[in-house]
Amino acid sequence: MAKHLEKLKKELTQEKQKEQAKKESEAEQKQECFSEKRWLTDKEIDWMTDRMAKNDKFKILPTHQFHYVKKTKGTAEANAHLAFPELLTELTGFSGELVFIPVNNPDFHWSLLVYQVKNQKFWHYDTCRGANYNYIQDLVRELLQQIHQTNDPDLDKYLVPQHDIRQGNGSDCGVAVIAIIKRIIELTIKQSWMDKLKYGTFQLGDDLGKFDFIKDREESRAEYLQENGTN
């Protein structure tokens, strides 16, 4: 089954992978990774999330996964159904607290889904006024149907839009995904006992505070250039 899934994945994403590889190669050759006024690629986001501190209370899925499952769901391929259980297992088979799912609406926008294991609830963080909300709804509904074993899950209760954070331009959505993941991890997983006493225990849906995505991009670029010896 795993071999069939891998074969299907390669076939369905071959064209996208070629286009993505070309963009990433050009960006690396021109030392444009994390540079201003450009969308981040899958590779850049995965590069940053791979470097975040590992913890058994959370996990971050690779950037291709949500888009891949959506694409296979729309095909007539006999083995296409294998992709959906793979994503479902990533959520229901995890014994930690949070699963972060970067959402790539190709050539349009990045947003972030956060699955809260205990409450079996999705939170959708979108810095462009919820531009990806319609894009994620159908697949999230199907996931909730399986998780809650109901044909009519209450989306208003189990899919919570968090669209108040704003990016300041048309290119920082990928940077925002990285920054929001970091902030949620800091507030939910790494919150000190002194902060808990002063502010109370943080819960998803609470204010994440202010962001400086320009600074976040600059710091990511500096880290990338330092590691790759191009500064």
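Taken together, the values in this text are just the output of simple stated rules run on the coordinates, not laboratory data. Everything quoted here is computed from the prediction, not taken from an experiment.
Region 39-147 gives an Rg/Rh value of 0.94, both radii derived from C-alpha positions and Rh following Kirkwood.
Inverting the pair-averaged 1/r between distinct Cα atoms of region 77-231 gives 17.2 Å as its Kirkwood hydrodynamic radius. Projected onto their three principal axes, the Cα atoms of region 142-231 cover extents of 54, 36, 25 Å, largest first.
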